[in-house]
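The values are calculated or read from the model by the stated rules, or taken from the named source; none is laboratory data. Bear in mind the structure is a predicted one, so any value in this text is a computation, not a measurement. Here the Cβ positions follow ideal geometry from the backbone for every residue, glycine too, while neighbour counts run over all protein chains shown. In case anyone asks, the SASA skips ligands and DNA or RNA and just uses the protein heavy atoms, side chains included. Shrake-Rupley method; radii C 1.70, N 1.55, O 1.52, S 1.80 Å.
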Amino acid sequence: MPVKDNEKIYFCPVEVTIDLIGGKWKSLILYYLIDRKVVRFGELRRLLPRVTAQMLSAQLRELEADGLISRKIYTQIPPKVEYRLTGFGETLAPVILAMTEWGKEYVKDSGKKIKLLKMEKSKS
């Protein structure tokens, strides 16, 4: 099978999904965008205290490049940047919400010592 330049080859649709939302931070970013609709960079830093600014920026750039989120830059001082899901990104909501529910059930039923901190709810 000939492969074109920059063509990615996958053997399973799950692999495609994991490529787009995998990693430690992308699914969490998507979760907060689903919950809050619009999130500023500084708010994401506060919601994800263990991620560095550099890593957060990289993950946001990848999500934007993949067409899952959009970025709006306001020309003001100090600069303001807002992120939101695109229509394509919104199609991942059922996947992320299913992961949320599965995680809650696992914590409850696994018998392992896992502490799930209460997530900050959106203000809307």
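Out of (1) charged (D, E, K, R); (2) within 12 Å of the chain's Cα centre (by Cα); (3) modelled with pLDDT of 95 or more, what's the single condition that is false for residue 71?
The one condition residue 71 does not meet is (2).
Only one of (1) of a type outside the set (A, V, I, L, M); (2) at pLDDT below 95; (3) open to solvent by 40 Å² or more (accessible area, probe 1.4 Å); (4) outside any helix (DSSP H, G or I) is not met by residue 102, so which one is it?
Just one mismatch for residue 102, condition (4).
Where in the stretch 17-96 are there strands (runs of 3 or more DSSP E), lying wholly inside it, with at least 1 residues that are loosely packed, with under 13 Cβ neighbours inside 10 Å and charged (D, E, K, R)?
69-74
Determine which single condition residue 6 fails, assuming it passes every other condition in (1) farther than 25 Å from residue 117 by Cβ; (2) open to solvent by 100 Å² or more (accessible area, probe 1.4 Å); (3) touching a residue at least 12 places away in the same chain (Cβ under 8 Å); (4) not β-branched (Val, Ile, Thr).
(3)
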